[in-house]
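The values are calculated or read from the model by the stated rules, or taken from the named source; none is laboratory data. Everything numeric here is computed off the predicted structure, so don't read it as measured data. With ideal geometry, Cβ positions are generated from the backbone for all residues, glycine too; neighbour counts draw on all protein chains shown. Remember, those area values only see protein heavy atoms, side chains included, never the ligands or the DNA or RNA. Shrake-Rupley method; radii C 1.70, N 1.55, O 1.52, S 1.80 Å.
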Amino acid sequence: MFQLSLAIIVRRLAAAIPTLVLLSLVVFVVLRLLPVDPLAALLPPSATAEDARALRAQLGFDQPIPMQFLIWLWEAVRGNLGNSINFHQPVTSLIGAAMPATIELALVALAIALAISVPGGALAFVLHQRARETAADLTVTLLQSIPSFLWALLLIIVFGVLWPVLPFSGRVGQEVVLPGITGFALIDLLITGRLRDWSSALSHLLLPALSLALSFSPMVIRVLRSGLIDAAGEPYVEVARLRGLSETRILWRHMLKNAVLPTITMIGVQFGFLFSGALLVEMIFGFPGVGNLMVQAVKGNDMPLIQGIALLFCVLMLAINTVVDVLYALLNPRLRAP
Amino acid sequence: MMLSVTNLTLSAGEQAGAKAGAKAVAVLRDITLSVARGRVLGLVGESGAGKSMVGRLIAGHTPRGFAVTRGQVMFDGRDLLQLAAAERRKLLGRRIAFIPQEPLSSLNPVMTIGQTFDEHLMLLGVASGERAAAIVNHLAAVHLPRPEAMVRRYPHELSGGQCQRVLIAMAFASDPALLIADEPTTALDVVSQTHILALLKEQQRLHQTAVLLITHDLRLAAHVCDEIAVLYAGEQVERGAAREVLGQPCHPYTRALQAANPDVHGSQRQLPALAGQMPGISALSAIAGCRFFARCPQALAACGSEPQLLREVTTGHWVRCAPGCATNPAPVAGDDLQSAAWSAPVGDWNSPPLVELQEVTLSYTARWGAFGQRKLVSHAVNKLSLRIQPGEFVGIVGESGSGKSSIARLIVGAEAPTAGRINIAGRERIPGDATVARLSRECVQMIFQDPHSALNPRRSVYRLLTQAYELDHTAGSLARKTRPERGAELLADVGLPADALSRYPAQLSGGQKQRVNIGRALCVMPRLLVADEIVSGLDVSVQAQILNLLLELGRRANVALLLISHDLSVVRYLCSRVMVMQAGSIVEEGKTEEVFARPQHPYTQLLLRSVPPADPSIAWPPAPGQKP
């Protein structure tokens, strides 16, 4: 089992290197093609042409483009993504500070989405069996057509304004200072034993995570439902029934184990959806994550920062795919080595 | 009686969803049968006869849109039809056990054998501490090798025969009073079929279980069962002691079924094929009289207007037929052909071979490990040589995995050999050589196994038959005729009615689809047809039609045939020469009659022993104990 996971990880990593180089090239070229002068933001209005040339040379912008790419790539390999033009800080430390918040948000959103869609998928399947599908279908379609930012606004109105039970701004209450051990607020506050602050962090996470989860769940429900419908037609289900197993047991113990396989693949593919959703949701909730950072970088034409975030996005996607592959192999015995 | 079914009638269109005023159709009509403790009853019929439906009704699974309108299903003194669903479920798996048709897909693929078995024992109420040991005991009882290791394995790691053993072990774990086995060996190879049947008999005797064996194979049923009930279109046409029903069949359908089955030994005869096919559910309401009337060679005028009743012809032997027919067995349909000179096409041995394989090897390499550093090379075909003469009908027999389908793929060019030469009509086929590839396409055509999935459902019969015109209509044989001309010609060749050209596959029966499938392969006027298990999915009476069609085509068009089959009797009927394959090699080869009469290789002998003999007095299947 462990060996297999290791084999998949090694294989994935080997394949990831050329993918990363290629992707970083694409990111680099696209950003260089934009009609934006990154120097404009750095130079004071009184700067002379001489000043501009000096700064250009200092930042390496006088080199030919392929050379610029190689320099950037070499530095990136060494863990240096350059300095943010606007923040005057290393890109890595900016991303490093924002990243855990976004990952935390996405994972909590995923957990909520699963808690909604596993029973939801089973319910949709049961309704399908009883030929009462239209109502369920309509509900799912309706939910699917509401984007995450609309959920965010709805949730703020309901739980923040009309019935103010949950906070909807920031990552923690203003009085709380995060210890910054792992960067994940929920973990850090838990290991330092600050339970009151921990619940503050959790309550701040709930609304943004819920709005992401609500827009993500309909997709999961659909895939799970069709996975269950496929499983229902399999002989092992009929045989289980003939062995006298209850319908409940057949659904939860037999069919779900099989239906979850296509669902995992789908979640892996759509995880990027959670991240791009997080971008908007972070803006709305003033959540200090990568999404917010990205918006600021784009606003300020902050090339190094944009590149860094784009690269990070690629790395994340590759990592998620690896995790999904390992999970899939662990859950599907047919994929294990002969 | 452990199980007795009386006057069971299942109707369609009784429930919600049927149009108001729609007539209820009896899908099962007046079924009466019974099994005593320690006895085996065979429920025999072709697909669509309703035999599996009987099994489902006993389990309480009435399909949507159907309802039992009459009759009882008494099990151990209680009427199963009157029981509440929960009460009936308590009987399933405990007192009434089932053995399914497809063992490989009947076990949950993501659970180990041990997990599935453990769940079953838990439901049976075995204490958790005792379950592990019990599983090993139950698995050992069905002669599975190394049962301790078996519990950790997944279904896909087992063969079909091994999976069926696991399912049999689970079925007998509760010491059931009644066992319902629905085509338990249909999906298995002949050799494992014999082992599984022997095992079933052994366990049945040991536990004194009442068994209902559902099968399409009359001959197999006659050997395994004490009594047989024959079903046709939802009606029981004959019932009696197994040997008597097989030895002296009284109903014209039973006789036709028996006669349409080719033999593996004895004198050769042309198979009489019943015309047409069994009526489907939608056609039943239009039939007023005997449901077999339209196909019956001995039908009387009265048979068409009123249903026949079951009558006892001799003690315990019941037949649903007009009084004159059943008691007085007239010759079976087509019996007059029995004497007609008949032989499988031998082909032209003075010409150079049509297809020649020289020392051909086909191997697959599987790689795994983090860097693909571990590999496993398996030879599907191992240094194999063979030749096929023009006009010759050759058969290849062997179990699944013996490499027989790989040979078909090599000959049609779907697969390139790893080593060795393949000559088609005297020219070597080299990968990438377009001329030879085109030549061999015109020379060799394949008939695909499953007519249901081989035909594009969105194409009409005309466009299917003449599909080759879309590929290259200037090619030699195609240029001589226009597409509509060739379409009409092919339709007549394969014996389909003239109005079939504009129909779609969904409007055809299984036999008709297979005819289209054959006609399509004939379009370019090939010299060799490669047929991979083309009759294994068909019912016996339809199978006889297709076999006779192939013989006729061979004689008329001088086309050669390579028939790949697991069914020895079909190979004997069609092929003058046979090759026996095992593990990628030909282990025995020769004239079919000689090989089957005096098999030399132990594997050929084993294969022949696995065929249920036509004579019901010969003991079969052989006793168990042999390793699976």
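Worth a mention:
- Count of the stretch A:172-193 residues which are closer than 14 Å to A:Ala97 by Cβ and touching a residue at least 60 places away in the same chain (Cβ under 8 Å): 4
- Picking from residues in the stretch B:76-102 that are away from chain A (no Cβ under 14 Å) and part of a strand (DSSP E or B), the one that is most open to solvent (accessible area, probe 1.4 Å) is B:Arg78.
- Subset of the stretch A:246-265 that is of a type in the set (S, T, N, Q) and either crowded, with 20+ Cβ neighbours inside 10 Å or in contact with a Leu (Cβ under 8 Å, 6 or more places away or on another chain) (or both) - its residue that is nearest to the other protein chains (Cβ to nearest Cβ): A:Asn258
- Tally of residues being among the basic types (Lys, Arg) and closer than 19 Å to B:Ala531 by Cβ across the stretch B:494-515: 2
For (1) under 30 Å from A:Val324 (Cβ atoms); (2) touching a helix residue (DSSP H, G or I) at 6+ places or on another chain (Cβ under 7 Å); (3) at pLDDT below 75, each residue gets a yes or a no:
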| position | (1), (2), (3) |
| --- | --- |
| A:Ala7 | yes, no, no |
| A:Thr19 | yes, yes, no |
| A:Leu39 | no, yes, yes |
| A:Ser46 | no, no, no |
| A:Ala54 | no, no, no |
| A:Asp62 | no, yes, no |
| A:Leu70 | no, no, no |
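- Qualifying residue in the stretch B:610-618 (condition: within 24 Å of B:Ile411 (Cα to Cα), in contact with a helix residue (DSSP H, G or I) (Cβ under 6 Å, 6 or more places away or on another chain) and open to solvent by less than 30 Å² (accessible area, probe 1.4 Å)): no
Listed here are the residues, each with its yes/no results for (1) open to solvent by less than 40 Å² (accessible area, probe 1.4 Å); (2) within 30 Å of B:Arg219 (Cα to Cα); (3) at pLDDT 95 or above.
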{"position": "B:Glu148", "(1), (2), (3)": "no, no, no"}
{"position": "B:Ser159", "(1), (2), (3)": "no, yes, no"}
{"position": "B:Phe172", "(1), (2), (3)": "yes, yes, yes"}
{"position": "B:Ala181", "(1), (2), (3)": "yes, yes, yes"}
{"position": "B:Asp189", "(1), (2), (3)": "yes, yes, no"}
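- Of all residues in the stretch A:229-245, those that are facing another protein chain (nearest Cβ under 8 Å) and of a type in the set (Asp, Glu) total 2.
- Considering the stretch B:117-126, the residues that are in contact (Cβ under 8 Å) with a residue 40 or more places away in the chain and either open to solvent by 10 Å² or more (accessible area, probe 1.4 Å) or more than 8 Å from chain A (Cβ to nearest Cβ) (or both) include one that is nearest to B:Gln162 (Cα to Cα), namely B:Phe117.
- Residue within the stretch B:442-450 that is acidic (Asp, Glu), open to solvent by less than 70 Å² (accessible area, probe 1.4 Å) and in contact with a Lys or Arg (Cβ under 6 Å, 6 or more places away or on another chain) present: no
- Residue count for the stretch B:244-271, restricted to those that are free of Cβ contacts under 8 Å to residues at least 40 places away in the same chain and of a type in the set (Gly, Ala, Ser): 1
- Criterion (open to solvent by 20 Å² or more (accessible area, probe 1.4 Å) and away from chain B (no Cβ under 14 Å)) met by exactly one of A:Ala278, A:Ala319: A:Ala319
- A single entry from B:Val166, B:Val211, B:Val142 fulfils the requirement of being more than 17 Å from the chain's Cα centre (by Cα), within 29 Å of B:Lys404 (Cβ to Cβ), crowded, with 23+ Cβ neighbours inside 10 Å and away from chain A (no Cβ under 14 Å): B:Val142.
- Of all the residues in the stretch B:592-621, those that are acidic (Asp, Glu) and part of a helix (DSSP H, G or I) number 2.
- B:Gly114 more than 9 Å from every other protein chain (Cβ to nearest Cβ), in contact (Cβ under 8 Å) with a residue 24 or more places away in the chain and more than 21 Å from B:Ala177 (Cα to Cα): yes
- Test: residue in the stretch B:427-435 that is touching a Leu at 6+ places or on another chain (Cβ under 7 Å) and open to solvent by less than 70 Å² (accessible area, probe 1.4 Å): no
- Any helices (runs of 4 or more DSSP H) falling wholly within the stretch A:1-115 and containing at least 3 residues that are within 28 Å of A:Ala185 (Cβ to Cβ), out of contact with any Gly (no Cβ under 8 Å at 6 or more places or on another chain) and of a type outside the set (Ser, Thr, Tyr): none
- Scanning the stretch B:252-280 for residues that are touching a strand residue (DSSP E or B) at 6+ places or on another chain (Cβ under 6 Å) and farther than 19 Å from B:Leu218 by Cα yields nothing.
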